[in-house]
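Taking it in order: structure first as structure tokens, then the write-up.
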Amino acid sequence: MTVELFDTPFEPYTLLQQHQSSRLKSGSYGACASFVGSMRDFNEGDRVRSMELEHYPGMTEKQLAEIVEDAKQQWPLDDALVAHRVGLIQPGEPIVLTVCWSTHRAAAFEACRFLMEALKSRAPFWKKETLGDDDIKGEKSRWVANNTAGYSEK
């Protein structure tokens, strides 16, 4: 199980492939589920030019590792990978990658979704957006108070 933070852009599918080929034996798993989240150029009705993603080094990695461990306790995972950006991020750049490998697809899908939703609600990240010149509120930057709504089981 691996957690990595990057302060420069990363290529999520390269990370997935490198992790898979170096840590998992071919044929040892039956499913790989992944999620890639990228920065949008809009939020709350305004154009967003960039975002600064702040964190507490050490604390953030520890919290992400605890989230991965929670997933491992709930589903039979062969391995998991969480990669997350910090620092200055531009629209279109990947922010997060979550990947789960398991014997069966249900566990891989469910654990991957759990990782993403848990890190959105539990990981200590703070987002400051730099807005476009044409935003209607006249603000140049703002802290994001709420994450986008996540999945809730019915």
_Filter result (in a loop (DSSP other than H, G, I, E, B) and under 21 Å from residue 108 (Cβ atoms)) within segment 27-54_ = 27, 28, 29, 30
*Test residue 95 against the stated conditions and say whether it is open to solvent by less than 40 Å² (accessible area, probe 1.4 Å) and either modelled with pLDDT under 95 or within 30 Å of residue 133 (Cβ to Cβ) (or both).*
yes
*Output the residues belonging to segment 58-75 that are in contact (Cβ under 8 Å) with a residue 12 or more places away in the chain and not in a helix (DSSP H, G or I).*
75
*In the set 45, 58, 37, which member is within 13 Å of residue 94 (Cβ to Cβ) and among the small types (Gly, Ala, Ser)?*
37
_Filtered residue count, segment 2-19, keeping only those that are over 15 Å from the mean Cα position of the chain (by Cα) and either closer than 18 Å to residue 86 by Cα or surrounded by fewer than 17 Cβ atoms within 10 Å (Cβ to Cβ) (or both)_ = 3
_Residue in segment 107-132 that is surrounded by the fewest Cβ atoms within 10 Å (Cβ to Cβ), counting only those that are touching a Lys or Arg at 6+ places or on another chain (Cβ under 8 Å) and of a type in the set (D, E, K, R)_ = 128
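The values are calculated or read from the model by the stated rules, or taken from the named source; none is laboratory data. Small disclaimer: the values here were computed from a predicted structure and weren't measured. For neighbour counting, all protein chains shown are included, and Cβ atoms are generated from backbone atoms with ideal geometry for every residue, glycine included. Each accessible area value is taken on the protein alone, full model and side chains, heavy atoms only, with ligands, DNA and RNA left out. Shrake-Rupley method; radii C 1.70, N 1.55, O 1.52, S 1.80 Å.
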